Amino acid sequence: MKYIKLYESFENTESFEIIESICDHYNIYNYTINEDGTVDVDGNVNVSCDSLTELPLKFGEVSGNFFCNDNELTSLEGCPKSVGRIFNCSHNQLTSLEGCGSIGFYFSFRNNNLKNFRGFPEYFDGDFNYDNNPVSEILNLFNHITDTSLLKIIEYINEYDVIQGNNMILSRLEEVFYTLEISTHDFNFDNIILPHYIII
């Protein structure tokens, strides 16, 4: 990506030519360049393993898979508004999921620096991989739960604002358990250990 400038640097006709050259560089075919500069792709997009610190284009709708894993991304700015199948942004330096849109059936954001679930797709109901993020410490507290969806747990972690910066609010975590009617019979809130958080 060193020699390809980003879409924000250009306007009008020249910007479309630059977008076309970027699509060609990444073997992106069957695409439509919208008036706002976003790119819709009928198929897959793979911009992984390229040491990117930001995405080279601003994507709209991608009907297939979207791979931006194994880069150095710090945000998902420019990610598609919707992905038809797999969205893989693992092995980056993300601190937030804000910017990702609707996702098909699999979402991987493992091996990042995520401390919360803000930006997690609201209507996603597929499988996901969250391993090796600071926030996995909190979700792993629910590993013993077999009858409640992790997606529902994430929804309430966000709704009750359990994670605030580096702080995990214990009373709000308890509210998540109680709201979801998860038994706390064998769970000791006083013995929680979260290396990446301050429990208050």
Qualifying residues in segment 141-196 (those that are hydroxyl-bearing (Ser, Thr, Tyr) and in contact with a helix residue (DSSP H, G or I) (Cβ under 7 Å, 6 or more places away or on another chain)) - the one farthest from Pro121 (Cα to Cα)
Thr184
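This table checks each residue for (1) free of Cβ contacts under 8 Å to residues at least 60 places away in the same chain; (2) among the hydrophobic types (A, V, I, L, M, F, W, C); (3) over 23 Å from Ser51 (Cα atoms); (4) not assigned by TED's automatic domain parsing to the domain that holds Arg172.
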position	(1), (2), (3), (4)
Gly78	yes, no, no, yes
Ser82	yes, no, yes, yes
Asn88	yes, no, no, yes
Ser96	yes, no, no, yes
Gly99	yes, no, no, yes
Asn116	yes, no, yes, yes
Phe128	yes, yes, yes, yes
From the list Glu54, Glu35, Glu72, which one is surrounded by fewer than 21 Cβ atoms within 10 Å (Cβ to Cβ), modelled with pLDDT under 95 and among the acidic types (Asp, Glu)?
Glu35
For Phe187, the lone unmet condition from (1) exposed (fewer than 13 other Cβ atoms within 10 Å of the Cβ); (2) not in a helix (DSSP H, G or I) is (1)
Would you point out the residue of segment 156-171, among those that are aliphatic (A, V, I, L, M) and part of a loop (DSSP other than H, G, I, E, B), that is nearest to the chain's Cα centre (by Cα)?
Val162
Ile145 vs. criteria crowded, with 18+ Cβ neighbours inside 10 Å, under 19 Å from Leu180 (Cβ atoms) and in the same structural domain as Ser183 (by TED's automatic domain parsing)
no
Which pairs have Cβ atoms under 6 Å, sit 6 or more apart or on different chains, and link a residue in segment 158-184 that is not assigned by TED's automatic domain parsing to the domain that holds Asp147 to one that is surrounded by fewer than 16 Cβ atoms within 10 Å (Cβ to Cβ)?
none
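The values are calculated or read from the model by the stated rules, or taken from the named source; none is laboratory data. All values reported here derive from a predicted model rather than from experimental measurement. Quick reminder, even Gly has a Cβ in these numbers, built from the backbone with ideal geometry, and neighbours come from all protein chains shown.
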